[in-house]
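Laboratory data are not the source of any read-out in this text; all were calculated from the coordinates shown. Note that the coordinates shown come from a computational prediction; the quantities given were computed from them, not determined experimentally. Glycine gets a Cβ as well: all are built from the backbone with ideal geometry, and neighbour counts include every protein chain shown.
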Amino acid sequence: MDNTFPARRGVVLILSSPSGAGKTTLTRMMLQDRDLDLTLSISVTTRARRSSEVDGIHYRFIGEKQFIAARDAGELLEWAEVHGNYYGTPRAPVEAILAQGRDCLFDIDYQGTRQVREKLSADTVSVFILPPSMKELRARLERRAEDSRDVIEKRLENARREIARWKEYDYVIVNDDLQRSFDDLIAILRAERQRRPRREDGMEAFVEKLLSE
């Protein structure tokens, strides 16, 4: 019997971490595992599309008036303003995925996590990814060879602030081994899929049938 029978409501799985702790890699690994059948939430943004980006895959690119109207109408699960541009997650597509009994993966920070939890508390499962040490986090950022020394120092400063929020999450994983961290994430998702409240509607009829046999 697969985990979609009897019917269940989907899970909002949130991954957060400081830059360099491995969240992006773990997100990619989970999306590539077709057996998990995860859908990545697509954000809307008012910033200009970069040449390497595809509308509807990386982001949905919309105008500021449209964004503000959606925000004020309560149509966004979470939103933020970053460097003068707005970013947010539309609620309707996520609700549709959950109603189908499928799961939605979010790659957001602690501020976005708070907002999503406020609106979808019963559906939300949050995981914070920690680096094994600040020394290793620095080494990972330096190995990227993408940022200047000043930018790396800023990322490390931000990382300390983000790490201090770890108690706001349901689960915490220390990413000292990528495969083990991936396995832990799968274990969390599989366990959360079986929570009684998520399966109650579909399970009622199943249990009644069992008891009538």
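Worth a mention:
- Listed by first and then second residue, the pairs with beta-carbon distance under 8 Å, at least 6 apart or on different chains, first residue in the stretch 157-182 and touching a residue at least 60 places away in the same chain (Cβ under 8 Å), second of a type in the set (D, E, K, R) and surrounded by 12 or more Cβ atoms within 10 Å (Cβ to Cβ), are 162/109.
- The requirement of being in a loop (DSSP other than H, G, I, E, B), among the small types (Gly, Ala, Ser) and within 16 Å of residue 119 (Cβ to Cβ) is fulfilled nowhere in the stretch 46-59; no residue meets it.
- Residues that are out of contact with any Leu (no Cβ under 9 Å at 6 or more places or on another chain) and either surrounded by 12 or more Cβ atoms within 10 Å (Cβ to Cβ) or among the aliphatic types (A, V, I, L, M) (or both), drawn from the stretch 161-175: 162, 164, 165, 168, 169, 170
- Within the stretch 66-94, being in a helix (DSSP H, G or I) and either within 25 Å of residue 129 (Cβ to Cβ) or touching a strand residue (DSSP E or B) at 6+ places or on another chain (Cβ under 9 Å) (or both) holds for 66, 67, 68, 70, 71, 91, 93, 94.
- Tabulated pairs, the stretch 126-143, first without any contact (Cβ under 8 Å) to a residue 60 or more places away in the chain, second assigned to a strand (DSSP E or B), C-beta under 6 angstrom, 6+ apart or interchain: 132/174
- Only one entry in 137, 76, 105, 40 is touching an Asp or Glu at 6+ places or on another chain (Cβ under 8 Å) and either surrounded by 13 or more Cβ atoms within 10 Å (Cβ to Cβ) or of a type in the set (Asp, Glu) (or both), namely 40.
- Some residue of the stretch 143-152 being crowded, with 17+ Cβ neighbours inside 10 Å and either touching a strand residue (DSSP E or B) at 6+ places or on another chain (Cβ under 7 Å) or of a type outside the set (A, V, I, L, M, F, W, C) (or both): no
- Residue ID - nearest to residue 32 (Cα to Cα), chosen from residues in the stretch 158-203 that are among the aliphatic types (A, V, I, L, M) and not in a helix (DSSP H, G or I): 173
- Scanning the stretch 22-58 for residues that are within 27 Å of residue 129 (Cβ to Cβ), without any contact (Cβ under 8 Å) to a residue 60 or more places away in the chain and touching a Phe, Trp or Tyr at 6+ places or on another chain (Cβ under 8 Å) gives 42, 43, 44, 45, 47, 53.
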